[in-house]
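A.B. asks: The structure under discussion is supplied below as structure tokens; questions concerning it will follow.
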Amino acid sequence: MSSRTLPLLFINLGGEMLYILDQRLRAQNIPADKAKKVMNDIITTMFNKKFLEELFKPQELYSKKALRTVFDRLAHASIMRLNQASMDKLYDLMTMAFKYQVLLCPRPKDILLVSFNHMDAIKDFVKDTPSILSQVDETYRQLIEMYTPLSSGEFQLIRQTLLIFFQDMHIRVSIFLKDKVQNSNGRFVLPTSGPVPHGTQVPGLIRMFSCTGEEVTRLQFNNGGNYTAAIREGSFEIFGDRVTKLGTNMYSVSRPVETHMSGTSKNSAQHAKVSAAPNPLAKEELNLLAKLMGGLEVQKPGNADSGFRVNLFATDEEEEEALISRPDELSYGVINIQATKDQQVNAELAKIMGEFTESGDQSPSASSKGDDLLAMMDGL
Amino acid sequence: MYHKEKSIQIKNSASALYNNLGVLRIAPRRLTYFTVVHANVVNMVSASWDGLNYSHRQLQSKEPNVATSTSLIMQAAFCALPSRDLLVVTSQKGIQIYESDGSIMVYWHALDTPETPTAQAVFARGISAVRENYICVGISSGAILVFDVPSKGSNITLSEVLEEHKESITDMAAECSGSQECIADLVSADDGGNLCVWKSGEEFQLLNNIPGFDMSCSSVKLWKGTVVAGYGTGQIRLYEAVTGILHAEVKAHARWIYSLDIAPFSGLLLSAAEDSLVRVWHLSMTPETNSVEVTALKTQYKTFLTVDSFPQVLLT
């Protein structure tokens, strides 16, 4: 559908990922310098020039598998390591949060404001590092250049493309359940109260006109909700009040983030396997991924002691249990790219995979020394 | 007035697309066909009127000569012509026309898709049967393809390309009142809210171009010479098709309207929007004053709208 969806998808998911990781690092009192290094490394990688160039090209959305692979790589762009179960959980939270934001946007154009909220927060994370800051600023300009001229219909097409991408994902997030914005069946609640979107008027009026254009009758009706007039529009510039809270950081030390895996399998009958393609990655996606990897700076942890593992669960046992009990239909099927060597693999990709394997092998031993494992879940 | 009938469960969820529910009543067989698009699949249900038999089928968007990536379906709609009923499915790659039960594909039209994707998306959207033998389909460029359909067989031909709209077509509708007196046969709407009114024929004639107000018109109907248009702002507007005179403006919904439907004999209008509500209106024409009245009917159904399902309401 829309060929301009990928940058928004990537930036917003990346933003959510950073919120979650930042909260974890702070909640566990990780030394400030280490935490900052993790955040900076990930943000630098996210906003790598070549990477973004590729991202902003007109293209269809990646498959779910390909996108998950990109975020796997991104999450490992620093000295931090995540096990499969924690990465799964992180990705669940990221995607459900953005799905919620896309859905609840009053107007399709507000997705851009949500993106700016994420960008504003990212900018704040790196405000002390001028080199990364300039990369972020450049991205603002690209977003503004690409998206502000679009019409309402084109934004709605982007939104529809995103909703189809997120279709049938109903993982329950405890923060959403608590706030009653998500039902126990995993569906989000669409409110019938609150301010109407900018540009819309409160429903309830029928006006009828004569042939000369004079209003002849006014009829009012009960709009069945509790709507109020629209509030001011958010800013679409590099700086400004975005007005909407969607896309701002909803996590804090006191707001735990859990995903409920049990119970979601009851809804599995509804999960349609739309992309049951025989090849895990189409050839085009492999090439794309290769270009992206080419742009990603490979992290070589120089000092084995500085690496550490982040756990999104309270204990290692819980993490292991989560991995075993994860329902099949919710498996992201992260590509082991080496397994697809029998396909026509792009040479660059193969080279890069070699580099990754090298650094990847060091992590299990690195984590057992030096820093403690981070126990993740907030104790609430 | 509408009353709720037995619900029908579709095989999977409905995608977030305009006008995503196709309905075809087949009186001689006491059956109704329904279609709902889910990503690259059309879910079809054939439901018997006595509510006892349901049969499901799925159509995949498998375009011929397209080996790899499947494209997403934008819309599936039934076209009821006097001689035959057909099912038209539009996607990012082209237009497929099937027999109404989805059993056989009778025609395939490929869109000009560029080798590398361009910033402007390419797709077909907006489907309508017109008069005796035409099926019209809109394109993302704003063009409208007019297909000439024989009473039998697959010899469907592209008869004309109408180039009036500058923005992507969103929806199209033919005059549905059954009246032979109406001059206007077809109305087309686009992402800028512009409405074009046409008279069909060997060469379609543009009768009027009603400018929009920079807001997408996502759903449109044509009834007794009146255009009924639903917009992204949640407004519904009624225009006299041939003159463009605004009859009425309704602040109908708090969110984007996704679908409109008219029951032609009773003048009942249904509107469904992202605010999760379906509203029922009554339209009445006063020929003497050439005006149309709109009243909101008291009953409004809160649908079972969940995030992944747009209107799934049965009409009687």
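A.B. asks: Listed residues B:Leu207, B:Leu222; which is surrounded by fewer than 24 Cβ atoms within 10 Å (Cβ to Cβ), more than 9 Å from chain A (Cβ to nearest Cβ) and either over 22 Å from A:Thr212 (Cβ atoms) or among the aliphatic types (A, V, I, L, M) (or both)?
C.D. replies: B:Leu207
A.B. asks: Inside segment B:113-129, can you point out the residues that are away from chain A (no Cβ under 11 Å) and either touching a residue at least 40 places away in the same chain (Cβ under 8 Å) or open to solvent by less than 60 Å² (accessible area, probe 1.4 Å) (or both)?
C.D. replies: Matches in segment B:113-129: B:Ala124, B:Gly126, B:Ile127, B:Ser128, B:Ala129.
A.B. asks: So which pairs qualify, if the first residue must be in segment A:31-59 and within 14 Å of chain B (Cβ to nearest Cβ) and under 29 Å from A:Ile158 (Cα atoms), the second must be part of a helix (DSSP H, G or I) and at pLDDT 90 or above, the Cβ gap must be under 7 Å, and the two must be at least 6 apart or on different chains?
C.D. replies: Cβ pairs passing all conditions: A:Leu55/A:Leu6; A:Leu55/A:Pro7; A:Leu55/A:Phe10; A:Phe56/A:Pro7; A:Phe56/A:Gln142; A:Phe56/A:Met146; A:Gln59/A:Leu6.
A.B. asks: So for segment A:90-102 (the condition being closer than 25 Å to A:Arg24 by Cα, open to solvent by 30 Å² or more (accessible area, probe 1.4 Å), in a helix (DSSP H, G or I) and more than 14 Å from chain B (Cβ to nearest Cβ)), does at least one residue qualify?
C.D. replies: No, because not a single residue in segment A:90-102 is closer than 25 Å to A:Arg24 by Cα, open to solvent by 30 Å² or more (accessible area, probe 1.4 Å), in a helix (DSSP H, G or I) and more than 14 Å from chain B (Cβ to nearest Cβ).
A.B. asks: Output yes when any residue across segment B:41-60 is in a loop (DSSP other than H, G, I, E, B), touching a residue at least 24 places away in the same chain (Cβ under 8 Å), out of contact with any Gly (no Cβ under 9 Å at 6 or more places or on another chain) and surrounded by fewer than 21 Cβ atoms within 10 Å (Cβ to Cβ), and no when none is.
C.D. replies: There is at least one residue in segment B:41-60 that is in a loop (DSSP other than H, G, I, E, B), touching a residue at least 24 places away in the same chain (Cβ under 8 Å), out of contact with any Gly (no Cβ under 9 Å at 6 or more places or on another chain) and surrounded by fewer than 21 Cβ atoms within 10 Å (Cβ to Cβ).
A.B. asks: How about segment A:58-74: which of its residues are under 20 Å from B:Ala121 (Cα atoms) and either touching a Pro at 6+ places or on another chain (Cβ under 9 Å) or open to solvent by less than 10 Å² (accessible area, probe 1.4 Å) (or both)? Outline the logic, then answer.
C.D. replies: The first filter runs over segment A:58-74 and keeps only residues under 20 Å from B:Ala121 (Cα atoms), leaving A:58-63.
Result: A:Pro58, A:Gln59, A:Glu60, A:Ser63.
A.B. asks: Those residues that are more than 8 Å from chain B (Cβ to nearest Cβ) and surrounded by 14 or more Cβ atoms within 10 Å (Cβ to Cβ), I need them from segment A:218-233; list them, please.
C.D. replies: Matches in segment A:218-233: A:Ala230, A:Ile231, A:Glu233.
A.B. asks: List every residue pair whose Cβ atoms lie under 7 Å apart, where the two residues are 6 or more positions apart in sequence or sit on different chains, the first residue falls within segment B:238-254 and is of a type in the set (Val, Ile, Thr), and the second residue, located anywhere, is open to solvent by less than 10 Å² (accessible area, probe 1.4 Å).
C.D. replies: As it stands, the answer is B:Val242/B:Ala184; B:Val242/B:Val197; B:Val250/A:Ile206; B:Val250/B:Ile236; B:Val250/B:Val294, since those pairs meet every condition given.
A.B. asks: Out of the residues in segment A:145-166 meeting the condition of being without any contact (Cβ under 8 Å) to a residue 24 or more places away in the chain and over 17 Å from B:Val122 (Cα atoms), tell me which one is farthest from the chain's Cα centre (by Cα). Show your work before the answer.
C.D. replies: So in segment A:145-166, the residues without any contact (Cβ under 8 Å) to a residue 24 or more places away in the chain come out as A:145, A:149, A:151, A:153.
Within this subset, residues satisfying the condition of being over 17 Å from B:Val122 (Cα atoms) are A:145, A:149.
Working: A:Glu145: 22, A:Pro149: 24 Å.
It comes out as A:Pro149.
A.B. asks: Tell me yes or no: at least one residue of segment B:146-165 is within 14 Å of another protein chain (Cβ to nearest Cβ), closer than 18 Å to B:Ala80 by Cα and not in a loop (DSSP other than H, G, I, E, B).
C.D. replies: no
A.B. asks: A further question on this structure: Can you tell me how many residues within segment B:225-238 are in a strand (DSSP E or B) and either within 12 Å of chain A (Cβ to nearest Cβ) or open to solvent by 10 Å² or more (accessible area, probe 1.4 Å) (or both)?
C.D. replies: 5
A.B. asks: Right, next: So, in segment A:167-190, of the ones that are more than 8 Å from chain B (Cβ to nearest Cβ) and at positive phi, which residue ends up farthest from the chain's Cα centre (by Cα)?
C.D. replies: That would be A:Lys180.
Every residue, every condition in (1) closer than 21 Å to B:Ala229 by Cα; (2) modelled with pLDDT of 95 or more, yes or no:
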{"position": "B:Ser128", "(1), (2)": "yes, yes"}
{"position": "B:Tyr134", "(1), (2)": "no, yes"}
{"position": "B:Val161", "(1), (2)": "no, yes"}
{"position": "B:Thr170", "(1), (2)": "yes, yes"}
{"position": "B:Ala173", "(1), (2)": "yes, yes"}
{"position": "B:Gln180", "(1), (2)": "no, no"}
{"position": "B:Val187", "(1), (2)": "yes, yes"}
{"position": "B:Gly193", "(1), (2)": "yes, yes"}
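A.B. asks: Here are some residues: B:Asp214, B:Asp171, B:Asp190. Which one is open to solvent by 20 Å² or more (accessible area, probe 1.4 Å) and of a type outside the set (Val, Ile, Thr)?
C.D. replies: Only one candidate qualifies: B:Asp214.
A.B. asks: Can you spot a residue in segment B:28-40 that is of a type in the set (Val, Ile, Thr), touching a residue at least 40 places away in the same chain (Cβ under 8 Å) and surrounded by fewer than 23 Cβ atoms within 10 Å (Cβ to Cβ)?
C.D. replies: Taking every residue of segment B:28-40 in turn, none turns out to be of a type in the set (Val, Ile, Thr), touching a residue at least 40 places away in the same chain (Cβ under 8 Å) and surrounded by fewer than 23 Cβ atoms within 10 Å (Cβ to Cβ).
A.B. asks: Ok, one more. Select from segment B:239-275 the residues that are in a loop (DSSP other than H, G, I, E, B), within 11 Å of chain A (Cβ to nearest Cβ), open to solvent by 10 Å² or more (accessible area, probe 1.4 Å) and among the aliphatic types (A, V, I, L, M) and list them in ascending order.
C.D. replies: Answer for segment B:239-275, where residues must be in a loop (DSSP other than H, G, I, E, B), within 11 Å of chain A (Cβ to nearest Cβ), open to solvent by 10 Å² or more (accessible area, probe 1.4 Å) and among the aliphatic types (A, V, I, L, M): just B:Ile245.
A.B. asks: Mind telling me which of the residues B:Tyr2, B:Tyr18 ends up being away from chain A (no Cβ under 14 Å) and open to solvent by less than 30 Å² (accessible area, probe 1.4 Å)? Don't jump to the end; show me each part of the working.
C.D. replies: On the way: B:Tyr18 fails: away from chain A (no Cβ under 14 Å).
That would be B:Tyr2, the only listed residue that is away from chain A (no Cβ under 14 Å) and open to solvent by less than 30 Å² (accessible area, probe 1.4 Å).
A.B. asks: For segment B:130-140, what are the residues that are open to solvent by 60 Å² or more (accessible area, probe 1.4 Å) and not acidic (Asp, Glu)?
C.D. replies: Selection gives B:Arg131 alone.
A.B. asks: Could you list all residues from segment A:191-209 that are among the hydroxyl-bearing types (Ser, Thr, Tyr) and facing another protein chain (nearest Cβ under 7 Å)?
C.D. replies: A:Thr192, A:Thr200
A.B. asks: I've got another one for you. So A:Pro58 ticks every box in (1) modelled with pLDDT of 90 or more; (2) under 16 Å from the mean Cα position of the chain (by Cα) but one. Which box is left unticked?
C.D. replies: All conditions pass for A:Pro58, except number (2).
A.B. asks: Considering only residues that are over 30 Å from A:Leu157 (Cβ atoms) and of a type in the set (Ser, Thr, Tyr), look in segment A:103-141 and name the one that is least open to solvent (accessible area, probe 1.4 Å).
C.D. replies: So, considering only residues that are over 30 Å from A:Leu157 (Cβ atoms) and of a type in the set (Ser, Thr, Tyr), the one least open to solvent (accessible area, probe 1.4 Å) is A:Thr129.
The values are calculated or read from the model by the stated rules, or taken from the named source; none is laboratory data. From a predicted model like this one, the values you see are computed outputs, not experimental measurements. Cβ atoms come from the backbone with ideal geometry, glycine included; neighbour counts cover every protein chain shown. The protein model used for the area step is the full one, side chains on, heavy atoms only, and it has no ligands, DNA or RNA in it. Shrake-Rupley method; radii C 1.70, N 1.55, O 1.52, S 1.80 Å.
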